[in-house]
Amino acid sequence: MSVAELYEHAVEPELNWTNDPLGKPIMIASNGALCAYSTDRTGRSPRERRVVLDDKTRDTVNWGEINIPIDPVNYKVNFARTVDYLNMLRRLYIVDGYAGWDPKWRLKVRIICELPYHALFMRNMIVLPKREELPEFEKGVDFTILNGGKFRADPLNKGVTQKTSVAINFSDNTMCILGTLYAGEMKKGLFGVMNYIMPLKGQLSTHSSANEGKDGDVSLFFGLSGTGKTTLSADPRRKLIGDDEHVWTEEGIFNIEGGCYAKCCFLSRDKEPEIYDAMRFGTVLENIKFYDDNDRVVNYDDISITENTRASYPLEFIPGAKIPAIGSHPKNIIFLTCDAYGVLPPVAKLTSEQSMYQFITGYTAKVAGTEVGVKEPIPSFSACFGEAFIPLHPYKYAKLLSQKIKDHGTNVWFVNTGWSGGAYPKGSRMSLKITRSIIDAIHSGELTKAKYKKVISL
């Protein structure tokens, strides 16, 4: 369906059920964005995420607190519950597209959901096929997401602990969502699929944003949600390749997604003009507030619902974005770390050993709103800057990264986007202006020529 048709369905009175705690239905903002609400789940639910343990995954998945197993029989209960619920509905939305811009490595993906805004969200986040490519999807797809998020999971089903359940089966290539309307579960679930499949094929999937300079030099920005990947990659002097998920292959890098997923908390045109201007017709805004429900001007400073206010929009909404979103081997890798203690320096150049240590440990802070229950910065160690999304052992990704850095002579940098002048809440968050200046100095080569003092021994 077209964007306009999905808008019409989203605000249709018969379908436009109230799902906002304050009683507001889905509405169109004054800037043209579609505004929706995900009820009590305003972030991902990692504790309710499950992976089927079977012969295929037993010796490949890194089982533990992140990748929690579920028996195939219990997954079938979830699957049947999801299918039965979707079959009861009068209307379903099906979105077909690719995970990945590179035709050699992309996956054909199908999303089946109940809500028009979920369909529009994923229409933005996957790579849309050309019309002549659509018949290929009728022959079959590589992965299917079934979103029955309005229907509760069954806590009596072994492996399910409450109303929310997000479960993945790598053997039959399906994912079932129950008990949460948070749209980000679909996006991150698909990322987890790519993080399982690509490394097993020898390609490095990364939780990173990427942009490209006028000379074709590519930079990868690694970091957890809230550390600045989206903001810092949206640079008017460089072409945006993508803001969150990339794969590094033998040929170079490609963006997994067809769109961007930006935090909107305290968004302003002065600080982030490219992202601010992307808030228009075709964008999905999740969990925002208006100054007034009559004029429907978005109040990005109102975080009373959640600090994790989000926008989903097509990649081409960013001026100068590179389409197709494919680039060469990275010249620079930048590890973005939100230091809650205010101890680490604003910038450091890392040796090969330090790079691997930082990548494996992934010290950062989870910031408010990105996960259920996170209200203030929490110091965290997230392997590969995305442990919540990696099904394999971190060393699998680290080994691939180390070899690629060595093969292509990539510079690796550490940039602190967290606190200075003291730990949270006494200190203050690093100025975006200063951080951008640091990134500019990396891209110009100025910091490559600088003198350094070794301050950390491994």
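The values are calculated or read from the model by the stated rules, or taken from the named source; none is laboratory data. In this text the structure is predicted, and so the values were computed from the model without any measurement. In this analysis, Cβ positions are derived from the backbone assuming ideal geometry, glycine residues included, and neighbour counts consider all displayed protein chains.
A few points about this structure:
- Residue in region 210-221 that is buried (at least 24 other Cβ atoms within 10 Å of the Cβ), under 12 Å from the mean Cα position of the chain (by Cα) and either assigned to a strand (DSSP E or B) or at pLDDT 95 or above (or both) present: no
- Residues that are outside any loop (DSSP other than H, G, I, E, B) and aliphatic (A, V, I, L, M) were ranked within region 118-156; the one that is farthest from residue 166 (Cα to Cα) is 134.
- Residues (closer than 9 Å to residue 209 by Cα, in contact (Cβ under 8 Å) with a residue 60 or more places away in the chain and not aliphatic (A, V, I, L, M)) located in region 232-242: 242
- Search result, residues across region 350-365 that are within 19 Å of the chain's Cα centre (by Cα) and either small (Gly, Ala, Ser) or buried (at least 21 other Cβ atoms within 10 Å of the Cβ) (or both): 359, 362, 364, 365
- Residue match in region 57-73 (condition: surrounded by fewer than 21 Cβ atoms within 10 Å (Cβ to Cβ) and more than 28 Å from residue 392 (Cα to Cα)): no
- Positions within region 313-359 being closer than 15 Å to residue 418 by Cα and among the polar types (S, T, N, Q), in sequence order: 337
- Cβ separations smaller than 7 Å between residues 6+ apart or across chains give the following pairs from region 103-119 residues that are assigned by TED's automatic domain parsing to the domain that holds residue 190 and β-branched (Val, Ile, Thr) to residues that are part of a helix (DSSP H, G or I) and buried (at least 21 other Cβ atoms within 10 Å of the Cβ): 109/190; 111/122; 111/186.
- With respect to the stated conditions, residue 368 fails to be at pLDDT 90 or above, under 20 Å from the mean Cα position of the chain (by Cα), of a type in the set (Gly, Ala, Ser) and within 22 Å of residue 308 (Cα to Cα).
- Residue check for residue 263: surrounded by fewer than 24 Cβ atoms within 10 Å (Cβ to Cβ), at pLDDT below 95 and under 16 Å from the mean Cα position of the chain (by Cα): yes
- Filtering region 273-285 to residues that are in a loop (DSSP other than H, G, I, E, B) and touching a residue at least 60 places away in the same chain (Cβ under 8 Å) leaves 279, 280, 281, 282, 283.
- For region 39-98, a tally of residues being of a type in the set (Gly, Ala, Ser) and more than 30 Å from residue 5 (Cβ to Cβ) returns 3.
- Of the criteria (1) surrounded by fewer than 17 Cβ atoms within 10 Å (Cβ to Cβ); (2) closer than 29 Å to residue 428 by Cβ, which one residue 307 fails: (1)
- Residue, farthest from residue 26 (Cα to Cα), within region 286-305, restricted to residues that are acidic (Asp, Glu) and part of a loop (DSSP other than H, G, I, E, B): 301
- Taking the criterion of being within 19 Å of residue 265 (Cα to Cα) and among the hydrophobic types (A, V, I, L, M, F, W, C), the residues of region 284-316 that qualify are 284, 285, 288, 290, 297, 298, 303, 305, 311.
- Within region 319-349, the set of residues being within 23 Å of the chain's Cα centre (by Cα), part of a loop (DSSP other than H, G, I, E, B) and more than 20 Å from residue 445 (Cβ to Cβ) comprises 319, 320, 321, 322, 323, 324, 325, 338, 339, 340.
- Here is the figure for region 124-152: residues that are closer than 21 Å to residue 86 by Cα and surrounded by 14 or more Cβ atoms within 10 Å (Cβ to Cβ) total 13.
- Residue among 427, 445 that is more than 15 Å from residue 221 (Cβ to Cβ), touching a strand residue (DSSP E or B) at 6+ places or on another chain (Cβ under 9 Å) and either assigned by TED's automatic domain parsing to the domain that holds residue 224 or not aromatic (Phe, Trp, Tyr) (or both): 427
- Taken together, 417, 435 contain a single residue that is touching a residue at least 40 places away in the same chain (Cβ under 8 Å), farther than 26 Å from residue 192 by Cβ and not assigned by TED's automatic domain parsing to the domain that holds residue 44, which is 435.
- Filtered residue count, region 270-288, keeping only those that are among the basic types (Lys, Arg) and either surrounded by 20 or more Cβ atoms within 10 Å (Cβ to Cβ) or at pLDDT 95 or above (or both): 1
- Within region 250-260, being surrounded by 19 or more Cβ atoms within 10 Å (Cβ to Cβ) and of a type in the set (D, E, K, R) holds for one residue alone: 257.
- Restricting 251, 257 to those that are at pLDDT 95 or above, in a loop (DSSP other than H, G, I, E, B), within 30 Å of residue 444 (Cα to Cα) and touching a helix residue (DSSP H, G or I) at 6+ places or on another chain (Cβ under 8 Å) reduces the list to 257.
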